[in-house]
Structure formats: C-alpha cells, structure tokens
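Participant: Next up is a structure, given as structure tokens.
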Amino acid sequence: METSRTPRRRGLIVLSALAVTASLTLTACGGDAAGDTTADGKAKVTVLRSNGAIFEPLYIAEQQGYFKSAGLDVTIKAGAQDTSQNAPSVLNGEAQFAMTDSSGFLKGAAQDMPIRIVTGLQSATTKTDPTDGLLVKKDSEIESFKDLEGRTVGISALGGTIQFICEYLVQKAGGDPSKVKFVALPTTSLTDAATSGKTDAIFSFGPFYFAGKDSGLRSIGNGMNDVPGMVQGLLFSSQEYLAKNSGTAKKFIDAVAKAIDYANAHPEAVKAIDKKYTQVPADFIDKHDTNHYDKNLDTTVMRTVITKMHEFDLLDTEPKDDALYWDQAPTSAGE
C-alpha cells in the first residue's frame, strides 16, 4: 500500500527518462514510420488503446468501415497499463496515436514533451448517471467531501485524475485538500478497504463502483460528473507526426468522430465490444448503461484542471494551450 500526499516526483522522473529514451530512439531511427502505406495505398496507422474502457469508438470505426473508407489501415493495440506511459511509443514512432486521460497527458505536457491532443473520446457529463464516485459505509459520519478532512481515502493510484477529483471536490465543498490522506490500493481491494474500516472512504469506478454500492456502501456526490466537461479519455499524437501527416491525422479523427456518433446511438454495439475486449462480466455489461462519448475538448474546463492540479502539487508547471492541442483538434471554450 502506497501512502503519500506528494508521490508525484518519482512518476515524473520515470516519465522524463522514458521521454528522453524515446527522443533518442526517434533520432536514431530517422523519424517515425509516417510514410508507410499498404499495397493498395492505404496509410498505415497504429493506435494504442487503454486497457480499461473508453476505447470502444476505435473498434466501432474499424467494424463500421470508417477507417477503411478514409483510406486508412488502422491497427489497434492495447497500450501501457498506465496510459501516461504511452507517450514514448508515440514519440519513437511505434504508434501514431495513443489514448490517455487528462492527468496522463498533462504530466507529459508539463515536461514539454512534443505531443498534442488530437481529439476527445469522453468527458464528464450530467447526461448520464455516475459510473464512479466516493463511497463510504452507510453509518459513516461523512456526508460531504468537506468531511474528508482528517480522514483516509483509498484510491487506485496516487497523483492522478482520481486524486485530483477528490481534492478539487473537497475544496469546492469548502474543505482543505491538504488535510486529506490518500492511500493507493489495488482497484479490486477498494470495496473491502471501506467495508472493513481500513479507509474512511474510497473513490471507485466502473464495475467496482457498482459492486461497492451493491455491497452496502453509500455514495456521496456524482463523481467526475460533478466536473462536467473534464476530459476522461483522449487521443494524442507527436508533433512531428502531425506536422508531416496532417491529412492522415484529420482523416483519422474524422473517422473516430463518426464512430463516436454511432456508439452513442447504438449502445448494443458498445456492449458487444466490452464483452470481447474487457474482463467485465457479461451480465454486468447487460445490466448497465453504456458511456456517453464526446469528441469535444472543453478548453475552459481543461484550464481549470491545469490550474488546480498545479495548486495541489500534482503538476510541476502549468502548460499553455499551444502546448496542448493540435490546431485541428475539436476544441471549444464550453458554455
């Protein structure tokens, strides 16, 4: 069990070292394989997906022929378990695009890694019921995020999006985030930690969140949906690839956009993909609604996330917008 309020340095050092290695590999290899095409002229593209969820539009684009119609030969591969570690593979040309979440990307951008967001996949929204959130025992004295002051919260990893959400919502409720103790636990152990009293609360997600509620734990708030517009899943690429292959990149994100629309209109297609590519039980998939996907990147919310992550010592620096987005990415300033 890892316990700390400032666990970020080690992860940042590892990420920096990987970035340096990738940059050296890129130089040695003379650039990425951006010009590779199939015998019939389709541009070859490799994309690294997450190991958990939100990747469903990629497979829909493949199944519905959107990539093929765009003249693309796309290979979808599972990326690193920690998606923030996908950046080196993009920088050295092993993949042209990769998935991560807000904090995963921002940690790389804060270190001036030459990567840019090309499209969103999913953002927190009030359009759907929560699929993640804070859970406590039914008889707990904790009634709001402010009540987490002086208490211990179990989370799946320190220093990332979930810790940020907790700290942000504590502050929003009038509390002091620095007075909350976070401990990292295996995702599968979170529910037991709360029910046994090992922690005062947990922040869980997906099937583990629902399993926690089914076990008798009580939810507080609406999880990440309390920060609507926060990007939960995105695709990024290297600046070098985008500069040399803007046409291919635009075809790729347009195909993904079509798949996002299809996924939102055909939840049964999403569930079929989840049954094939995730370890979530089929009966659970059948019983629960699918995610709402969104290509749009709310730059106003992202700026708030950056400012607050820096304030909470989750980011060393605050990267500027021109270090975040590709110039053809679907950005907006929100409502």
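The values are calculated or read from the model by the stated rules, or taken from the named source; none is laboratory data. This structure is a prediction, so every number in the text was calculated from the model and none was measured. In this analysis, Cβ positions are derived from the backbone assuming ideal geometry, glycine residues included, and neighbour counts consider all displayed protein chains. The protein model used for the area step is the full one, side chains on, heavy atoms only, and it has no ligands, DNA or RNA in it. Shrake-Rupley method; radii C 1.70, N 1.55, O 1.52, S 1.80 Å.
Participant: Since E149 meets every condition but one in (1) open to solvent by 40 Å² or more (accessible area, probe 1.4 Å); (2) touching a Pro at 6+ places or on another chain (Cβ under 9 Å); (3) modelled with pLDDT under 95; (4) of a type outside the set (S, T, N, Q), which condition does it not meet?
Facilitator: With (1) open to solvent by 40 Å² or more (accessible area, probe 1.4 Å); (2) touching a Pro at 6+ places or on another chain (Cβ under 9 Å); (3) modelled with pLDDT under 95; (4) of a type outside the set (S, T, N, Q) applied to E149, the lone miss is (3).
Conditions (1) touching a residue at least 60 places away in the same chain (Cβ under 8 Å); (2) out of contact with any helix residue (DSSP H, G or I) (no Cβ under 8 Å at 6 or more places or on another chain); (3) closer than 18 Å to A43 by Cβ, marked per residue:
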{"position": "Q232", "(1), (2), (3)": "yes, no, no"}
{"position": "K250", "(1), (2), (3)": "yes, yes, yes"}
{"position": "K258", "(1), (2), (3)": "yes, no, yes"}
{"position": "E268", "(1), (2), (3)": "no, yes, no"}
{"position": "D274", "(1), (2), (3)": "yes, no, no"}
{"position": "Y277", "(1), (2), (3)": "yes, no, no"}
{"position": "A282", "(1), (2), (3)": "no, no, no"}
{"position": "T299", "(1), (2), (3)": "no, no, no"}
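Participant: Which condition from (1) among the hydrophobic types (A, V, I, L, M, F, W, C); (2) within 21 Å of I162 (Cβ to Cβ); (3) under 22 Å from the mean Cα position of the chain (by Cα) is the one that A255 breaks?
Facilitator: Only one criterion in (1) among the hydrophobic types (A, V, I, L, M, F, W, C); (2) within 21 Å of I162 (Cβ to Cβ); (3) under 22 Å from the mean Cα position of the chain (by Cα) is unmet by A255, namely (2).
Participant: Any residue that is in a helix (DSSP H, G or I), open to solvent by 20 Å² or more (accessible area, probe 1.4 Å) and either in contact with a helix residue (DSSP H, G or I) (Cβ under 6 Å, 6 or more places away or on another chain) or aliphatic (A, V, I, L, M) (or both) - is there at least one of those in the range 179-188?
Facilitator: Of the residues in the range 179-188, the ones in a helix (DSSP H, G or I) are 179, 187-188.
In the following step, the residues that additionally are open to solvent by 20 Å² or more (accessible area, probe 1.4 Å) were identified as 179, 187-188.
Among the residues that remain, those that are also either in contact with a helix residue (DSSP H, G or I) (Cβ under 6 Å, 6 or more places away or on another chain) or aliphatic (A, V, I, L, M) (or both) are: 187.
The answer is yes, given that some residue of the range 179-188 is in a helix (DSSP H, G or I), open to solvent by 20 Å² or more (accessible area, probe 1.4 Å) and either in contact with a helix residue (DSSP H, G or I) (Cβ under 6 Å, 6 or more places away or on another chain) or aliphatic (A, V, I, L, M) (or both).
Participant: Separate question: Taking the options T307, T331, name whichever one is out of contact with any strand residue (DSSP E or B) (no Cβ under 9 Å at 6 or more places or on another chain), of a type outside the set (D, E, K, R) and open to solvent by 30 Å² or more (accessible area, probe 1.4 Å).
Facilitator: That would be T307, the only listed residue that is out of contact with any strand residue (DSSP E or B) (no Cβ under 9 Å at 6 or more places or on another chain), of a type outside the set (D, E, K, R) and open to solvent by 30 Å² or more (accessible area, probe 1.4 Å).
Participant: Additional query: Residue under question is E240, and the condition is that it be assigned to a helix (DSSP H, G or I), over 28 Å from V136 (Cβ atoms), open to solvent by 20 Å² or more (accessible area, probe 1.4 Å) and touching a residue at least 60 places away in the same chain (Cβ under 8 Å); does it hold?
Facilitator: Working: assigned to a helix (DSSP H, G or I): yes; over 28 Å from V136 (Cβ atoms): yes; open to solvent by 20 Å² or more (accessible area, probe 1.4 Å): yes; touching a residue at least 60 places away in the same chain (Cβ under 8 Å): yes.
Yes; evaluated as a whole, the condition is true for this residue.
Participant: Residue by residue through the range 114-167, note down the ones that are closer than 19 Å to A193 by Cα, part of a strand (DSSP E or B) and touching an Asp or Glu at 6+ places or on another chain (Cβ under 9 Å).
Facilitator: G133, V136, T152, V153, G154
Participant: Buried (at least 24 other Cβ atoms within 10 Å of the Cβ), under 19 Å from V305 (Cα atoms), modelled with pLDDT of 95 or more and touching a strand residue (DSSP E or B) at 6+ places or on another chain (Cβ under 9 Å): which single residue out of L135, L169 fits that description? Full working, then the answer.
Facilitator: Values: L135 fails: under 19 Å from V305 (Cα atoms).
Only one candidate qualifies: L169.
Participant: May I ask you to say which residue of A201, A265 is open to solvent by less than 10 Å² (accessible area, probe 1.4 Å) and of a type in the set (G, A, S)? If you could, list the steps in order and put the result at the bottom.
Facilitator: On the way: A265 fails: open to solvent by less than 10 Å² (accessible area, probe 1.4 Å).
Result: A201 is the single residue among A201, A265 that is open to solvent by less than 10 Å² (accessible area, probe 1.4 Å) and of a type in the set (G, A, S).
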